[in-house]
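One structure is given below, represented as structure tokens, and several questions about it will come after.
The values are calculated or read from the model by the stated rules, or taken from the named source; none is laboratory data. Treat the numbers as computed from the prediction; the structure is a model and nothing was measured. A quick note on method: Cβ atoms are made from the backbone with ideal geometry, for glycine too, and the neighbour counts reach across all protein chains shown. All accessible areas refer to the heavy atoms of the entire protein, side chains included, with ligands and DNA or RNA removed. Shrake-Rupley method; radii C 1.70, N 1.55, O 1.52, S 1.80 Å.
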Amino acid sequence: MTRTVTLALAAALPLLLTPALVPASAHASPPPAKDREPVGHELPHTATMSGRGGAVASVDPVASQVAIDVLERGGTAADAAVAATAALNVVEPYATGMGGGGFFVYYDAKKKRVQTIDGRETAPASLHEKSFLGPDGKPMDFDTAVNSGLSVGVPGNLAIWQQALDRFGTRSLRQSLAPAQRIAERGFVVDEAFSAATAENAERFAQFPATAAVFLPGGKPVQPGHVLRQPDLAKTFRLLRSKGIGAFYDGPIGKAVVDTVNHPATAKGVTVPRGGMTMTDLRAYRALPKKPVTSTYKGLDVYGMPLPSAGGAAVAETLNLLEQYEKRTGTPLSKTDGVQYLHRFAEATATAFADRDRWMGDVHGAPVGEILSKGFAAERACGFDPAKAQARPIAFGQPDGRYISCGPLASGKPAKVNDGASTTHLTVADRWGNVAAYTSTIEQFGGSGMVVPGYGFLLNNQLTDFNFAPAIKGEPDPNLPAPGKRPRSSMAPTIVLDHGRPVLAAGAAGGPTIITSTAQIITGYLDRDLTLVGAVGAPRISSRNTATDIEPRLYDSKTGEALRAMGHPMKVKEIIGRATAIAMPARGWFTAAAEPTRGGGGSGMVVAPKW
Ligand code: GLU
């Protein structure tokens with residue numbers, strides 16, 4: 001009963017924009033004037049909600065409420081997604097923001113089709129194939145590359161925001177950035193998870209005075225209960241609201257970005273590699289409208305992001321392989337026990353990663369069409385044994401259009417690829433049936449560690465998603481650095497349609513585990529009879545063609561034991577990814593689901609909750 005009342009209140013709050021109650025501990029000195037009080041922390045952390053009128057699932061209740069406010073006032077899913085992601089720039093600044101990029105997948109209810117925007121960062125014209133090699137010709141130390149100007153790609157999120165509003169929205173950028181500006185001005189109350197993330201990054205943030213000034217007040221990580229105000233970031237939002245994204249791509253913000261990249265302002269005694277970005281790089285930046293990758297899974301249509309994200313194709317190949325395993329064994333996934341389900345799942349994702357690592361990157365002629373084909377999946381499935389894990393690494397396949405029941409396997413071992421573990425995924429749906437699945441990132445949690453002085457946002461380190469050197473000995477590598485190129489991603493915002501109607505949208509954070517988490521949620525919900533929040537919260541496994549990552553509660557279970565007995569090499573990983581999803585089982589009815597516990601739990605909300 002209490003829960004019901006809390007939820008009802010949550011959805012009814014016109015929120016962020018009203019003063020919030022602040023615990024006494026949040027203010028050491030006299031409380032600020034009402035309009036300076038922090039926002040949002042009174043909102044309940046509710047992982048799931050069902051009802052009507054539109055829905056949002058994000059990692060943070062403040063961002064979710066921003067989206068709900070927009071939906072309530074008649075905004076589209078695109079309007080709400082832009083406003084909420086800008087808010088995430090304030091309350092989840094280590095995972096996303098205008099200093100990074102992302103991928104936006106959108107079901108347009110009027111046009112009845114799925115379209116995408118590629119807002120991945122680009123390499124400056126100065127970057128070349130050997131940029132991440134040291135003087136000895138060996139790959140540079142990864143952490144050195146991360147915390148540097150060299151790793152910063154030309155950011156794409158602002159270009160996505162503008163394009164999403166232009167193509168799918170009804171509101172202006174000026175309106176859309178207003179809540180974010182207000183939250184940055186008034187501040188939000190830091191929670192345990194934010195404080196812990198700051199502490200984890202404290203050492204590298206301390207290298208950059210502009211970053212330390214925001215997140216390490218008095219030289220220490222922001223503590224739970226601290227009201228974090230970000231006046232420089234608020235000023236940046238104000239500037240963007242009055243001048244538009246030109247202030248970034250061809251104006252003072254961009255100039256400050258270029259200065260920071262080329263001359264990182266470091267603490268005394270610290271030097272980091274410089275980048276070589278120019279205003280010409282920024283002016284040339286375009287968010288690209290792209291056709292989604294499409295595939296089918298058990299009669300449903302699955303839409304995902306094309307290259308430079310490998311996410312769409314790898315999720316599709318995983319699902320195709322699971323279909324093939326059903327054919328080979330005669331037992332549908334829904335009828336298997338938990339061990340067989342996860343065994344099949346791990347085999348499928350490991351196989352998909354073998355192909356991703358060999359074939360995918362921001363290059364012309366990557367054989368994505370073939371990788372998505374059922375024939376390729378049938379050939380790739382032939383190594384599957386229902387009783388035993390295939391030895392890792394599984395060799396990559398030959399997506400050449402000539403498939404036999406068991407094709408020749410190529411040789412070649414995948415080398416370690418550099419992928420971080422951060423990012424945020426936002427899912428939004430509106431009353432008209434539009435759906436946005438938007439994954440955005442600054443790469444590592446905390447990006448390059450560099451806040452742009454005077455502007456208050458962190459810059460990405462996305463270029464470390466390039467392979468520093470060829471990944472597979474003796475094979476061409478589609479993911480080497482090059483001027484203007486976009487580094488390969490794993491981000492996998494996904495929308496599933498049933499006879500043309502969206503029924504599920506999902507995506508995740510967590511570097512390469514994004515692909516496995518997204519596919520696990522899709523199969524958990526569609527095949528395993530889990531509720532949506534059950535599918536999001538279920539213990540995860542991530543087999544990416546090396547040792548299989550597994551969460552402790554699964555590792556310690558009988559299922560984990562049985563999987564090890566089948567030959568799955570395992571490495572315990574405390575948390576695999578953070579995800580959000582929305583299910584639309586009937587027209588006008590929404591279930592939003594976020595993480596119940598991972599990362600402190602996320603926030604699912606609907607406009608008009610029903611229970
Ligand atoms: N850079 C990663 C990717 O695009 C996302 C960041 C992360 O989650 O580590 O795949």
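Rg and Dmax in Å for region 252-298, alpha carbons only: what are they?
Over region 252-298's Cα set, Rg and Dmax evaluate to 18.3, 59 Å.
Next question. Once fully extended, how much extra length lies between residue 337 and residue 385, figured as 0.36 nm per residue of separation less the alpha-carbon to alpha-carbon distance? Numbers along the way, then the final one.
On the way: separation 48, 0.36 × 48 = 17.28 nm, distance 1.57 nm.
Additional length available on full extension: 15.7 nm.
If you don't mind, another one. What translational diffusion coefficient, in µm²/s and rounded to a whole number, does the Stokes-Einstein relation yield for region 346-394 at 25 °C and a viscosity of 0.890 mPa s, taking the hydrodynamic radius as the Kirkwood radius over Cα pairs?
Numbers: Rh = 11.7 Å.
Estimated diffusion coefficient is 209 µm²/s.
On to the next question. Apply the Karplus curve 6.51 cos²θ - 1.76 cosθ + 1.60, θ = phi - 60°, to the phi angles in region 376-386 and return the couplings in whole Hz, x for Gly and Pro.
4, 4, 4, 5, 5, 6, 6, x, 6, 10, x
Something else: Apply 1/(1 + (r/R0)^6) to the Cβ-Cβ distance of residue 242 and residue 530, taking R0 = 45 Å, and write down the FRET efficiency to the nearest 0.05. Walk me through the numbers on the way to the answer.
Numbers: r = 47 Å, r/R0 = 1.04.
So, using R0 = 45 Å, E works out to roughly 0.45.
How large is ³J(HN,Hα), in whole Hz, for each residue of region 499-507 in order, when computed from phi with the Karplus curve 6.51 cos²θ - 1.76 cosθ + 1.60 and θ = phi - 60°, using x for Gly and Pro?
Rounded to whole hertz, the list is 6, x, 10, x, 10, 7, 9, 7, x.
How large a share of the accessible area of region 99-245, in percent, is made up of carbon and sulfur atoms when the probe is 1.4 Å and the other protein chains stay in place?
Working: 2910 of 5690 Å².
The C+S portion of the solvent-accessible surface of region 99-245 is 51 percent.
Compute from the Cα atoms of region 241-377 the Rg and the Dmax, the latter being the longest Cα-Cα distance, and quote both in angstrom.
Cα radius of gyration and Dmax of region 241-377 are 22.2, 65 Å respectively.
If you don't mind, there's one more thing I want to ask. Å³ per residue of the Cα convex hull, for region 61-207? All intermediate terms of the calculation are to be shown ahead of the outcome.
On the way: hull volume 21.9 nm³, N = 147.
So the per-residue Cα hull volume is 149 Å³.
Could I ask something else about it? Using the Karplus equation 6.51 cos²θ - 1.76 cosθ + 1.60 (θ = phi - 60°), what ³J(HN,Hα) coupling, rounded to whole Hz, does each residue of region 475-491 give in order, writing x for Gly and Pro?
Per-residue couplings from phi come out as 10, x, 10, x, 10, 8, x, 7, x, x, 6, 9, x, 4, 10, 10, 5 Hz.
Would you mind checking which residues have amide H under 5 Å from residue 490's amide H? H placed 1.01 Å from N; only 5 or more apart, or other chain.
310
Under a 1.4 angstrom probe, counting protein chains only, how are 343, 45, 226, 364 ranked by accessible area, largest first?
364, 45, 226, 343
Along the Cα-to-C-beta direction of residue 284, a point sits 7 Å from the Cα; which residues of region 465-485 have their amide N less than 20 Å from that point?
Residues 465-467, 479-485 fall inside that zone.
Taking all pairs of different Cα atoms in the chain, averaging 1/r and flipping that mean, what Kirkwood radius in angstroms comes out? Can you show the working numbers first?
Working: mean 1/r = 0.0417 Å⁻¹.
For the chain, inverting the mean 1/r across all distinct Cα pairs yields 24.0 Å.
Among 164-173, 587-596, what's the highest-first ranking by average C-beta atoms within 10 angstrom per residue? Write out the running numbers ahead of the final one.
Numbers: 164-173: 18.8, 587-596: 22.6.
Peptide ranking by packing, descending: 587-596, 164-173.
Right, another one. Multiplying the sequence separation of residue 133 and residue 113 by 0.36 nm and subtracting their Cα-Cα distance, what value in nm do you get?
Numbers: separation 20, 0.36 × 20 = 7.20 nm, distance 4.32 nm.
My answer for the length gained is 2.9 nm.
Highest first, please rank the peptides 234-244, 382-392 by the mean number of other Cβ atoms sitting within 10 Å of their residues. Each step should come with its number before you reach the end.
Details: 234-244: 19.3, 382-392: 15.3.
Order by mean packing, descending: 234-244, 382-392.
What is the list of residues in region 438-454 whose amide nitrogen lies under 20 Å from a point 7 angstrom out from the Cα of residue 259, following Cα to Cβ?
448-454
Report the FRET efficiency, 1/(1 + (r/R0)^6), for residue 235 and residue 167, where r is their Cβ-Cβ distance and R0 is 22 Å, rounded to 0.05. Walk me through the intermediate numbers first.
Working: r = 28 Å, r/R0 = 1.29.
In this case the efficiency is close to 0.20.
Can you list residues whose amide H is under 5 Å from residue 573's amide H, if they're 5+ apart or on another chain and H is modeled 1.01 Å from N?
Placed amide hydrogens put 550, 551 under 5 Å from residue 573.
Given N residues in region 113-161, what is Rg(Cα) / (2.2 N^0.38 Å)? Numbers along the way, then the final one.
On the way: Rg = 14.6 Å, N = 49, 2.2 N^0.38 = 9.7 Å.
Dividing the Cα Rg of region 113-161 by 2.2 N^0.38 Å gives 1.51.
Leaving ligands, DNA and RNA out of it, work out the accessible area of residue 335 with a 1.4 Å probe and give it in Å² to the nearest 10.
150
Skipping prolines and chain starts, which residues have an amide H placed within reach, meaning under 5 Å, of the one on residue 133, given they are 5 or more residues away or on another chain?
Excluding prolines and chain starts, which carry no amide H, the hits are 140.
Now a separate question. Taking only DSSP H segments of four or more residues, each worth -39500 (n - 2.57), what value at 222 nm results for the chain once the sum is divided by all its residues, to the nearest 500 deg cm²/dmol? Don't jump to the answer; show the numbers that get you there.
On the way: 21 runs with 208 residues, N = 611.
That calculation yields -10000 deg cm²/dmol at 222 nm.
Send over a whole-number figure in Å² for the accessible area per residue of the chain, probe 1.4 Å. Write out the running numbers ahead of the final one.
Values: 21580 Å² over 611 residues.
On a per-residue basis, 35 Å².
A further question follows. Tell me, what % of the accessible area of region 552-611 is carbon and sulfur with a 1.4 angstrom probe? Display every interim value, and only then the final one.
Working: 1520 of 2690 Å².
Using a 1.4 Å probe with all protein chains present, region 552-611 comes out at 56 percent carbon and sulfur.
I'd like the FRET efficiency for residue 556 and residue 404, computed as 1/(1 + (r/R0)^6) with the beta carbon distance as r and R0 of 45 Å, rounded to 0.05.
Working: r = 42 Å, r/R0 = 0.93.
After rounding to 0.05, the efficiency reads 0.60.
Let me ask something additional. More than 20 angstrom separation, counting every C-alpha pair in region 444-566; what % is that? Display every interim value, and only then the final one.
Details: 4610 of 7503 pairs.
Tail of P(r) above 20 Å: 61 percent of Cα pairs.
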